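Below: the structure, in structure tokens.
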Amino acid sequence: MKDIGPDDEITTIEGLPATVGRPPHPMREAWLEYDVAQCGYCRPGRIMTAVAKVRQAREEGREVGEAVLDETRDVCRCGTYHRIRETIAAAAKRR
């Protein structure tokens, strides 16, 4: 992992493109559509990891398949891992 420098950009869940008066980011939209998280504990971290991994895979010219989904490992207390994977794959197709 690399250290964060003064010129690095950090995006939070609230910063996925400015959504005030706009539709939510496709990953957030998919999260709601697929009714992924029951408690909400993992949602921000999971969504941010998914957005970053999908973006990284695209930049590297890789498909968003099982290997990319395996890289999105955050703890989900509800155990909805299968829905999380389905949601990430569906959201990746929307962009």
**Fill in**
For the chain the mean separation of alpha carbon contacts under 8 Å (6+ apart) over residue count, i.e. relative contact order in percent, is 36 percent
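Report, in debye and to the nearest 20, how large the dipole of region 8-95 comes out about its Cα centre when Lys and Arg carry +1 and Asp and Glu carry -1 on their Cβ.
Working: 15 positive and 14 negative charges, 43 e Å.
Dipole of region 8-95, to the nearest 20 debye: 200 debye.
Let me have the relative contact order for region 31-82, percent, based on Cα pairs under 8 Å that are six or more residues apart.
Details: 30 pairs, mean separation 25.4, N = 52.
Once normalised by length, the contact order is 49 percent.
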**Fill in**
From most to least accessible, 1.4 Å probe, no ligand or DNA/RNA atoms counted, Leu69, Leu32 line up as Leu32, Leu69
**Request:** Report the accessible area of Thr49, computed with a 1.4 Å probe over the heavy atoms of all protein chains in place, in Å² rounded to the nearest 10.
**Result:** 40 Å²
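Per-residue counts of other Cβ atoms within 10 Å, averaged by peptide: what ranking do you get for 74-81, 51-58, highest first?
Numbers: 74-81: 14.0, 51-58: 17.0.
Descending mean neighbour count gives 51-58, 74-81.
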**Message:** For Arg46, Arg73, Arg28, give me the order by solvent-accessible area with a 1.4 Å probe, most accessible first, ignoring ligands, DNA and RNA.
**Reply:** Arg73, Arg28, Arg46
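Which percent of the accessible area of the chain is formed by carbon and sulfur heavy atoms (probe 1.4 angstrom)? Before the final figure, lay out each step's value.
Values: 3260 of 6520 Å².
Within the chain, the accessible surface is 50 percent carbon and sulfur.
Over all distinct Cα pairs, what is the inverse of the mean 1/r for the chain, reported as the Kirkwood hydrodynamic radius in Å? Before the final figure, lay out the partial values.
Details: mean 1/r = 0.0714 Å⁻¹.
Radius from the Kirkwood sum: 14.0 Å.
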**Request:** Show Glu33, Glu63, Glu86 ordered by accessible area, largest first, where the area counts protein heavy atoms only and the probe is 1.4 Å.
**Result:** Glu63, Glu33, Glu86
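If each DSSP helix of 4+ residues adds -39,500 (n - 2.57) and the sum is divided by the residues in the chain, what number results at 222 nm, nearest 500 deg cm²/dmol? Provide the component values of the computation, followed by the final result.
Numbers: 4 runs with 44 residues, N = 95.
Helix-only estimate at 222 nm: -14000 deg cm²/dmol.
The values are calculated or read from the model by the stated rules, or taken from the named source; none is laboratory data. Keep in mind it's a predicted model, so treat the numbers as computed, not measured. All Cβ positions, even for glycine, are placed from backbone atoms using ideal geometry, and neighbour counts span all protein chains on display. Remember, those area values only see protein heavy atoms, side chains included, never the ligands or the DNA or RNA. Shrake-Rupley method; radii C 1.70, N 1.55, O 1.52, S 1.80 Å.
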